[in-house]
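Have a look at the structure below before the remarks.
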Amino acid sequence: MDEPIVHKIETLSLADAQREMERIGVHPDGVRIMAPKAVFSVLKIYRLSPYHANVLKQEMLSIGAEAATAAGCIDCSRAESDVILMGTLSHYRKLFEKLKQQPPSFHPLAQKILEAAQTPSPSFNLNWNFGNRKISFNQRRILIMGILNVTPDSFSDGGQFFKTKDAVAQALKMEEAGADILDIGGESSRPGSQPVSDDEEMVRVLPVLQELLGKTAFPISIDTYKADLAEAAISMGAAIVNDITALRRDPRMASLCAERKLGVVLMHMKGEPKSMQDAPHYEDVVAEVSDFFEERIKAAIAAGIQRDAIVLDPGTGIAFGKNLEHNIALMRAIPHFIERHQRPIMLGVSRKRFIGELTGKNVRDRLGGTIAAAAFCALKGASILRVHDVAECRDAIKVVQALNDL
């Protein structure tokens with residue numbers, strides 16, 4: 001026998017496992033039986049009672065899988081516990097049948113676990129509907145949102161496009177480079193920044209929108225938490241509101257978005273821009289941001305906004321109340337946010353300070369780190385990437401998608 005060749009393959013889904021077995025000529029019956037055993041998933045369940053957590057752990061162990069619970073769960077000395085499950089798709093199918101034999105309180109849990117195990121990329125089945133547009137997300141469609149800061153003090157390009165003619169030229173350049181959406185903002189949200197008046201923000205933004213009327217085909221997003229500016233921007237063609245306060249600041253914003261059938265981006269931010277980086281702390285950043293999304297989605301729907309008009313943004317960057325560790329955890333948790341909330345996820349990782357902390361590069365030299373972070377987010381299931389460098393990120397996503405399809 002020649003020297004053996006051993007190669008680790010990645011089976012991210014049932015289809016991946018089936019395809020790999022078919023490539024080596026496995027009998028169809030063998031593919032049907034064995035493919036579910038090749039798909040390994042780690043699932044996290046939040047805040048179970050000790051009773052439910054202990055039963056779940058015992059059932060997982062009984063089928064040869066594994067489950068981790070918090071210390072103190074076994075003797076019920078704590079009120080609740082998160083649970084981490086480790087098993088194959090075959091294990092989760094067996095667990096489903098076993099939990100269905102448990103009391104009725106386990107039945108919804110059984111269904112949720114099986115759905116999570118069988119759905120590797122739930123974002124691929126989501127739509128974003130606003131106005132007369134319907135955008136369907138799938139593994140071949142990741143949107144690029146081009147950032148246009150009409151400000152003198154944004155962290156990356158402050159002042160570069162402050163003049164109307166420069167901003168308009170940049171918008172057209174980004175559309176030509178492949179941007180799917182333009183996001184225009186007139187107030188910086190960098191750490192330590194101060195708010196600007198409504199009048200000042202309008203003076204910055206509205207002339208740009210006026211000049212772009214009839215010159216662009218892509219939807220325009222207005223990056224603001226102020227309803228008066230949003231309303232004026234809508235009259236000039238804006239179709240999306242990107243609100244860093246998630247509709248919390250201006251009491252009129254939610255009803256405006258509902259009445260005008262706008263697309264809405266709900267972003268998580270802890271604190272205010274001027275103080276949000278004062279020692280941000282979370283017990284569990286993923287759980288807290290996810291709970292925030294749940295609450296804001298409910299508030300938006302209560303105000304009349306359709307669920308399929310909503311996109312979620314975890315608010316990444318060494319800003320919005322997060323440090324390096326928080327940012328990494330949130331990007332890794334993209335599949336969790338999609339699975340729990342069933343909404344597209346937008347990430348704004350472009351040139352952010354966490355890239356500088358990892359690479360040692362200043363803000364103008366972070367293109368390589370931006371591309372890497374954007375590609376990672378795309379592979380994790382992000383539907384929209386908000387970037388400054390449209391052409392480079394568009395090319396990177398095309399390559400990542402092609403490689404991921406092999």
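Listed by first and then second residue, the pairs linking a residue in the range 322-336 that is of a type in the set (S, T, N, Q) to a residue that is in a helix (DSSP H, G or I) and modelled with pLDDT of 90 or more, with Cβ atoms under 6 Å apart and 6 or more places separating them unless they lie on different chains, are Asn327/Phe354. Among all positions in the range 359-380, there is no residue which is part of a helix (DSSP H, G or I), closer than 26 Å to Val241 by Cβ, over 16 Å from the mean Cα position of the chain (by Cα) and among the hydrophobic types (A, V, I, L, M, F, W, C). Elements of the type helices (runs of 4 or more DSSP H) sitting completely within the range 1-89 and holding at least 3 residues that are more than 31 Å from the chain's Cα centre (by Cα), modelled with pLDDT of 95 or more and crowded, with 18+ Cβ neighbours inside 10 Å: these cover 50-62. Candidates in the range 295-319 are the residues that are under 15 Å from the mean Cα position of the chain (by Cα) and modelled with pLDDT under 95; of these, the one that is nearest to Asn242 (Cα to Cα) is Gly315.
On the basis of being surrounded by 22 or more Cβ atoms within 10 Å (Cβ to Cβ) and either among the charged types (D, E, K, R) or not assigned by TED's automatic domain parsing to the domain that holds Ala171 (or both), does Lys261 make the cut? For Lys261, the condition - surrounded by 22 or more Cβ atoms within 10 Å (Cβ to Cβ) and either among the charged types (D, E, K, R) or not assigned by TED's automatic domain parsing to the domain that holds Ala171 (or both) - is not met.
In the range 138-166, the residues that are within 22 Å of Phe354 (Cα to Cα) form Cβ pairs under 9 Å with partners that are among the basic types (Lys, Arg) and at pLDDT below 75, at six or more places apart or across chains, as follows: Asp153/Arg190; Ser154/Arg190; Phe155/Arg190; Ser156/Arg190; Gly158/Arg190. Screening Ala227, Ala217 for residues that are small (Gly, Ala, Ser) and without any contact (Cβ under 8 Å) to a residue 40 or more places away in the chain leaves exactly one candidate, Ala227. Looking at Ile240, Ile328, just one residue is surrounded by fewer than 24 Cβ atoms within 10 Å (Cβ to Cβ) and either among the aliphatic types (A, V, I, L, M) or closer than 27 Å to Cys377 by Cα (or both), and that residue is Ile328. Which one is surrounded by the fewest Cβ atoms within 10 Å (Cβ to Cβ), of the residues in the range 381-406 that are charged (D, E, K, R) and assigned to a helix (DSSP H, G or I)? It comes out as Asp405.
The values are calculated or read from the model by the stated rules, or taken from the named source; none is laboratory data. What you see is a predicted model, and the numbers here were worked out from it, not measured in a lab. Please note: Cβ atoms are built from the backbone with ideal geometry, for glycine as well, and neighbour counts cover all protein chains shown.
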